[in-house]
Amino acid sequence: MSAGTLFVVATPIGNLADASPRSLEALRAADLIACEDTRTTRTLLARHGISAQVIAVHEHNEMAAAAGLIDALRQGRNVALVTDAGTPGVSDPGALLVAEAHRAGIKVSPLPGPSAAAAAFSVSGFAADGFLFAGFLPSTSAARRKALETLDLPFPVILYEAPHRILETLTDLAARFGPEREIVIARELTKKFEEVARLPLGAAQRWLLADPHRQQGEFVLVLAPGEAKPATALDAERTLGALLEFLAPSEAAKIAARLTGQPRRLLYRKALERAK
Ligand code: SAM
(Lines give C-alpha, C1' and ligand atoms only; values in the text may rest on other atoms or scores of the structure.)
Protein backbone atom coordinates (compact mmCIF):
# COMPACT_ATOMS: atom_id res chain seq x y z
CA MET A 1 0.00 0.00 0.00
CA SER A 2 1.41 3.43 -0.88
CA ALA A 3 1.56 6.15 1.75
CA GLY A 4 -0.72 9.17 1.67
CA THR A 5 0.31 12.80 1.18
CA LEU A 6 0.49 15.55 3.78
CA PHE A 7 -1.04 18.67 2.17
CA VAL A 8 -0.12 21.93 3.92
CA VAL A 9 -3.04 24.22 3.15
CA ALA A 10 -3.13 28.01 3.61
CA THR A 11 -6.52 29.39 4.67
CA PRO A 12 -7.91 32.97 4.74
CA ILE A 13 -6.58 35.56 7.23
CA GLY A 14 -9.98 37.19 7.62
CA ASN A 15 -11.96 37.20 4.42
CA LEU A 16 -13.30 33.68 3.86
CA ALA A 17 -13.62 34.38 0.12
CA ASP A 18 -9.80 34.24 -0.05
CA ALA A 19 -9.85 30.43 0.14
CA SER A 20 -8.54 29.27 -3.24
CA PRO A 21 -10.46 26.69 -5.30
CA ARG A 22 -7.44 24.37 -5.10
CA SER A 23 -7.22 24.64 -1.30
CA LEU A 24 -10.93 23.85 -0.98
CA GLU A 25 -10.51 20.88 -3.32
CA ALA A 26 -7.66 19.57 -1.14
CA LEU A 27 -9.77 19.96 2.01
CA ARG A 28 -12.70 18.20 0.34
CA ALA A 29 -10.51 15.32 -0.81
CA ALA A 30 -8.59 14.85 2.46
CA ASP A 31 -9.32 11.82 4.64
CA LEU A 32 -8.35 13.81 7.73
CA ILE A 33 -7.95 17.51 8.42
CA ALA A 34 -5.42 18.42 11.11
CA CYS A 35 -6.25 21.85 12.49
CA GLU A 36 -5.49 24.20 15.38
CA ASP A 37 -8.97 24.92 16.69
CA THR A 38 -11.67 22.57 15.43
CA ARG A 39 -14.40 25.24 15.81
CA THR A 40 -12.58 27.74 13.58
CA THR A 41 -11.87 25.15 10.90
CA ARG A 42 -15.42 23.77 11.01
CA THR A 43 -16.72 27.30 10.28
CA LEU A 44 -14.58 27.46 7.13
CA LEU A 45 -15.56 23.93 6.10
CA ALA A 46 -19.27 24.55 6.74
CA ARG A 47 -19.20 27.67 4.56
CA HIS A 48 -17.99 25.56 1.65
CA GLY A 49 -20.15 22.52 2.42
CA ILE A 50 -17.19 20.31 3.31
CA SER A 51 -17.70 17.56 5.85
CA ALA A 52 -14.46 15.88 6.88
CA GLN A 53 -12.97 14.39 10.00
CA VAL A 54 -11.05 17.10 11.87
CA ILE A 55 -8.32 16.49 14.44
CA ALA A 56 -6.90 19.17 16.72
CA VAL A 57 -3.13 19.68 16.53
CA HIS A 58 -1.92 22.53 18.70
CA GLU A 59 1.16 23.41 20.68
CA HIS A 60 0.04 21.33 23.71
CA ASN A 61 -0.51 18.01 21.89
CA GLU A 62 1.62 18.43 18.76
CA MET A 63 3.94 15.48 19.47
CA ALA A 64 1.23 12.93 20.24
CA ALA A 65 -1.08 14.14 17.47
CA ALA A 66 1.76 14.08 14.93
CA ALA A 67 2.53 10.44 15.76
CA GLY A 68 -1.11 9.45 15.11
CA LEU A 69 -1.24 11.39 11.85
CA ILE A 70 2.02 9.86 10.59
CA ASP A 71 0.47 6.41 11.22
CA ALA A 72 -2.59 7.40 9.23
CA LEU A 73 -0.37 8.72 6.38
CA ARG A 74 1.63 5.48 6.40
CA GLN A 75 -1.64 3.59 6.01
CA GLY A 76 -2.34 5.51 2.82
CA ARG A 77 -4.68 8.23 4.12
CA ASN A 78 -4.31 11.81 2.86
CA VAL A 79 -4.02 14.49 5.53
CA ALA A 80 -4.58 18.24 5.11
CA LEU A 81 -2.92 20.49 7.66
CA VAL A 82 -4.48 23.89 8.31
CA THR A 83 -4.29 26.46 11.11
CA ASP A 84 -6.80 29.05 12.33
CA ALA A 85 -5.66 31.56 9.71
CA GLY A 86 -3.03 31.94 7.05
CA THR A 87 -0.16 29.63 6.28
CA PRO A 88 0.65 26.76 8.65
CA GLY A 89 4.13 26.97 10.17
CA VAL A 90 4.28 30.77 9.87
CA SER A 91 4.12 31.74 13.58
CA ASP A 92 1.72 28.82 13.83
CA PRO A 93 1.93 25.10 14.61
CA GLY A 94 2.79 22.68 11.83
CA ALA A 95 6.59 22.46 11.64
CA LEU A 96 6.79 19.39 13.85
CA LEU A 97 4.25 17.37 11.87
CA VAL A 98 5.88 18.40 8.59
CA ALA A 99 9.35 17.45 9.89
CA GLU A 100 8.05 14.06 11.05
CA ALA A 101 6.47 13.47 7.65
CA HIS A 102 9.80 14.20 5.92
CA ARG A 103 11.55 11.85 8.33
CA ALA A 104 9.04 9.12 7.56
CA GLY A 105 9.54 9.56 3.80
CA ILE A 106 6.00 10.85 3.32
CA LYS A 107 5.27 13.28 0.49
CA VAL A 108 4.60 16.83 1.70
CA SER A 109 2.82 19.20 -0.69
CA PRO A 110 1.97 22.90 -0.16
CA LEU A 111 -1.23 24.63 -1.19
CA PRO A 112 -0.02 28.23 -1.00
CA GLY A 113 -2.32 31.11 -0.17
CA PRO A 114 -2.86 33.89 2.37
CA SER A 115 -0.25 34.87 4.91
CA ALA A 116 -0.45 38.12 6.88
CA ALA A 117 3.31 38.64 6.53
CA ALA A 118 3.33 38.47 2.72
CA ALA A 119 0.11 40.51 2.47
CA ALA A 120 1.55 43.30 4.65
CA PHE A 121 4.87 43.29 2.81
CA SER A 122 3.06 43.56 -0.53
CA VAL A 123 1.40 46.82 0.53
CA SER A 124 4.48 48.29 2.26
CA GLY A 125 6.06 49.70 -0.88
CA PHE A 126 9.55 49.14 0.52
CA ALA A 127 11.73 48.18 -2.42
CA ALA A 128 13.90 45.28 -1.36
CA ASP A 129 15.42 42.12 -2.69
CA GLY A 130 14.73 40.50 0.64
CA PHE A 131 13.20 40.93 4.07
CA LEU A 132 13.44 39.43 7.51
CA PHE A 133 10.33 37.85 8.94
CA ALA A 134 10.85 38.09 12.71
CA GLY A 135 7.37 36.97 13.85
CA PHE A 136 6.28 38.01 17.35
CA LEU A 137 8.72 39.98 19.51
CA PRO A 138 9.16 38.80 23.13
CA SER A 139 6.29 39.86 25.38
CA THR A 140 8.29 41.39 28.24
CA SER A 141 9.63 44.86 27.57
CA ALA A 142 13.26 44.14 28.56
CA ALA A 143 13.45 41.11 26.26
CA ARG A 144 11.67 43.01 23.48
CA ARG A 145 14.12 45.91 23.61
CA LYS A 146 17.02 43.44 23.54
CA ALA A 147 15.52 41.72 20.49
CA LEU A 148 15.20 45.07 18.72
CA GLU A 149 18.96 45.56 19.10
CA THR A 150 19.46 42.81 16.51
CA LEU A 151 16.93 44.18 14.01
CA ASP A 152 18.69 47.24 12.58
CA LEU A 153 19.12 45.71 9.13
CA PRO A 154 19.53 47.00 5.59
CA PHE A 155 16.28 45.33 4.54
CA PRO A 156 12.66 45.48 5.79
CA VAL A 157 11.71 43.60 8.96
CA ILE A 158 8.22 42.11 9.28
CA LEU A 159 6.73 41.70 12.76
CA TYR A 160 3.47 40.31 14.09
CA GLU A 161 2.00 42.03 17.12
CA ALA A 162 -0.94 41.52 19.46
CA PRO A 163 -3.39 44.41 20.00
CA HIS A 164 -2.63 44.79 23.72
CA ARG A 165 1.08 45.32 23.00
CA ILE A 166 0.93 47.38 19.81
CA LEU A 167 1.32 50.76 21.52
CA GLU A 168 4.26 49.62 23.65
CA THR A 169 5.97 48.03 20.65
CA LEU A 170 5.61 51.16 18.50
CA THR A 171 7.07 53.18 21.40
CA ASP A 172 10.05 50.82 21.66
CA LEU A 173 10.56 50.85 17.88
CA ALA A 174 10.61 54.68 17.83
CA ALA A 175 13.09 54.75 20.73
CA ARG A 176 15.38 52.22 19.04
CA PHE A 177 15.25 53.32 15.39
CA GLY A 178 14.43 57.03 15.75
CA PRO A 179 11.39 59.10 14.74
CA GLU A 180 12.38 59.38 11.06
CA ARG A 181 12.46 55.65 10.22
CA GLU A 182 9.27 54.65 8.41
CA ILE A 183 6.92 51.89 9.46
CA VAL A 184 3.91 50.31 7.79
CA ILE A 185 1.08 49.41 10.15
CA ALA A 186 -1.16 46.82 8.49
CA ARG A 187 -4.28 46.27 10.57
CA GLU A 188 -7.17 43.83 10.06
CA LEU A 189 -6.03 42.88 6.56
CA THR A 190 -8.77 41.60 4.24
CA LYS A 191 -11.42 42.43 6.87
CA LYS A 192 -14.10 45.10 7.10
CA PHE A 193 -12.00 47.58 9.07
CA GLU A 194 -8.74 47.03 7.19
CA GLU A 195 -6.22 49.87 7.45
CA VAL A 196 -2.74 50.25 6.00
CA ALA A 197 -0.72 53.28 7.09
CA ARG A 198 2.85 54.10 6.12
CA LEU A 199 4.33 56.80 8.30
CA PRO A 200 7.44 57.82 10.27
CA LEU A 201 7.83 56.08 13.64
CA GLY A 202 7.60 59.50 15.29
CA ALA A 203 3.97 59.77 14.09
CA ALA A 204 2.94 56.15 14.67
CA GLN A 205 1.71 56.45 18.26
CA ARG A 206 -0.38 59.50 17.37
CA TRP A 207 -1.92 57.58 14.47
CA LEU A 208 -2.78 54.65 16.73
CA LEU A 209 -4.33 56.86 19.42
CA ALA A 210 -6.29 59.00 16.95
CA ASP A 211 -9.12 56.45 16.86
CA PRO A 212 -10.14 54.38 19.92
CA HIS A 213 -10.76 51.31 17.71
CA ARG A 214 -7.25 51.32 16.32
CA GLN A 215 -5.75 49.36 19.20
CA GLN A 216 -8.02 46.44 18.42
CA GLY A 217 -7.71 43.67 15.88
CA GLU A 218 -4.70 42.03 14.28
CA PHE A 219 -1.50 43.79 13.29
CA VAL A 220 1.52 43.33 11.09
CA LEU A 221 4.32 45.89 11.25
CA VAL A 222 6.84 46.36 8.46
CA LEU A 223 9.89 48.35 9.50
CA ALA A 224 11.69 50.23 6.72
CA PRO A 225 15.26 49.16 5.96
CA GLY A 226 18.08 50.88 7.81
CA GLU A 227 21.17 52.31 6.14
CA ALA A 228 23.59 49.67 4.91
CA LYS A 229 26.84 50.12 6.81
CA PRO A 230 29.72 50.42 4.32
CA ALA A 231 31.78 47.29 4.79
CA THR A 232 35.07 49.15 4.49
CA ALA A 233 34.25 51.48 7.39
CA LEU A 234 33.42 48.47 9.55
CA ASP A 235 36.57 46.64 8.46
CA ALA A 236 38.68 49.71 9.14
CA GLU A 237 37.45 49.93 12.72
CA ARG A 238 38.11 46.23 13.29
CA THR A 239 41.54 46.39 11.70
CA LEU A 240 42.45 49.43 13.73
CA GLY A 241 41.30 47.76 16.95
CA ALA A 242 43.45 44.70 16.24
CA LEU A 243 46.53 46.76 15.35
CA LEU A 244 46.17 48.92 18.46
CA GLU A 245 46.76 45.85 20.59
CA PHE A 246 50.37 45.84 19.38
CA LEU A 247 51.19 49.29 17.96
CA ALA A 248 51.11 52.95 18.94
CA PRO A 249 48.11 54.97 17.60
CA SER A 250 50.06 56.65 14.78
CA GLU A 251 51.55 53.38 13.53
CA ALA A 252 48.24 51.53 13.83
CA ALA A 253 46.38 54.31 11.94
CA LYS A 254 48.98 54.34 9.16
CA ILE A 255 48.80 50.59 8.57
CA ALA A 256 44.99 50.41 8.94
CA ALA A 257 44.67 53.24 6.38
CA ARG A 258 46.89 51.38 3.93
CA LEU A 259 45.01 48.09 4.40
CA THR A 260 41.47 49.48 4.20
CA GLY A 261 41.77 52.59 2.06
CA GLN A 262 40.19 54.76 4.79
CA PRO A 263 41.73 58.21 5.50
CA ARG A 264 44.74 57.98 7.86
CA ARG A 265 43.74 61.12 9.78
CA LEU A 266 40.29 59.78 10.51
CA LEU A 267 41.74 56.51 11.75
CA TYR A 268 44.36 58.32 13.83
CA ARG A 269 41.60 60.33 15.54
CA LYS A 270 39.68 57.12 16.22
CA ALA A 271 42.84 55.48 17.56
CA LEU A 272 43.36 58.36 20.00
CA GLU A 273 39.72 58.17 21.12
CA ARG A 274 40.12 54.45 21.80
CA ALA A 275 43.30 55.04 23.74
CA LYS A 276 41.54 57.50 26.13
N1 SAM B 1 -0.06 31.73 10.06
C2 SAM B 1 -0.51 33.08 10.03
C3 SAM B 1 -0.04 33.73 8.72
O4 SAM B 1 0.36 33.03 7.81
O5 SAM B 1 -0.08 34.95 8.61
C6 SAM B 1 -0.12 33.87 11.24
C7 SAM B 1 -0.60 33.32 12.54
S8 SAM B 1 -0.12 34.24 13.94
C9 SAM B 1 -0.59 33.15 15.24
C10 SAM B 1 -1.35 35.46 14.07
C11 SAM B 1 -0.81 36.85 13.83
O12 SAM B 1 -0.74 37.10 12.44
C13 SAM B 1 -1.69 37.96 14.39
O14 SAM B 1 -1.42 38.20 15.77
C15 SAM B 1 -1.28 39.14 13.53
O16 SAM B 1 -0.07 39.68 13.98
C17 SAM B 1 -1.07 38.45 12.18
N18 SAM B 1 -2.33 38.46 11.41
C19 SAM B 1 -3.12 37.41 11.12
N20 SAM B 1 -4.16 37.79 10.40
C21 SAM B 1 -4.06 39.12 10.21
C22 SAM B 1 -4.84 40.11 9.54
N23 SAM B 1 -5.97 39.80 8.94
N24 SAM B 1 -4.40 41.40 9.55
C25 SAM B 1 -3.25 41.73 10.17
N26 SAM B 1 -2.48 40.84 10.83
C27 SAM B 1 -2.87 39.55 10.85
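Quick notes
- When we screen 162, 210, 174 for residues that are crowded, with 18+ Cβ neighbours inside 10 Å, under 30 Å from residue 115 (Cα atoms) and modelled with pLDDT of 90 or more, the only hit is 174.
- Residue in region 150-167 that is small (Gly, Ala, Ser), touching a strand residue (DSSP E or B) at 6+ places or on another chain (Cβ under 6 Å) and touching a residue at least 24 places away in the same chain (Cβ under 8 Å) present: no
- Test: residue in region 1-21 that is surrounded by 21 or more Cβ atoms within 10 Å (Cβ to Cβ), assigned to a helix (DSSP H, G or I) and not assigned by TED's automatic domain parsing to the domain that holds residue 134: no
- Of the helices (runs of 4 or more DSSP H) lying entirely inside region 192-272, the ones with 2 or more residues being under 29 Å from residue 178 (Cβ atoms) are found at 201-209, 231-244.
- Subset tally (residues that are over 21 Å from residue 28 (Cβ atoms), within 13 Å of the ligand (Cβ to nearest atom) and not acidic (Asp, Glu)) for region 49-104: 6
- Criterion (closer than 14 Å to residue 6 by Cα and among the small types (Gly, Ala, Ser)) met by exactly one of 49, 94, 86: 94
- Test result for residue 223, within 26 Å of residue 123 (Cβ to Cβ), out of contact with any Ser or Thr (no Cβ under 8 Å at 6 or more places or on another chain) and buried (at least 19 other Cβ atoms within 10 Å of the Cβ): yes
- Residue check, residue 158 within 16 Å of the ligand (Cβ to nearest atom), under 22 Å from residue 15 (Cβ atoms) and in a strand (DSSP E or B): yes
- Pick from region 161-193, criterion among the small types (Gly, Ala, Ser) and away from the ligand (no atom under 11 Å from the Cβ), ranking: farthest from residue 128 (Cα to Cα): 175
- Only residues that are over 17 Å from residue 84 (Cβ atoms), touching a Lys or Arg at 6+ places or on another chain (Cβ under 6 Å) and of a type outside the set (S, T, N, Q) were counted across region 1-31, and they come to 3.
The values are calculated or read from the model by the stated rules, or taken from the named source; none is laboratory data. Bear in mind the structure is a predicted one, so any value in this text is a computation, not a measurement. When we count neighbours, we look across all protein chains shown, and the Cβ atoms used for this are built from the backbone with ideal geometry, even at glycine.
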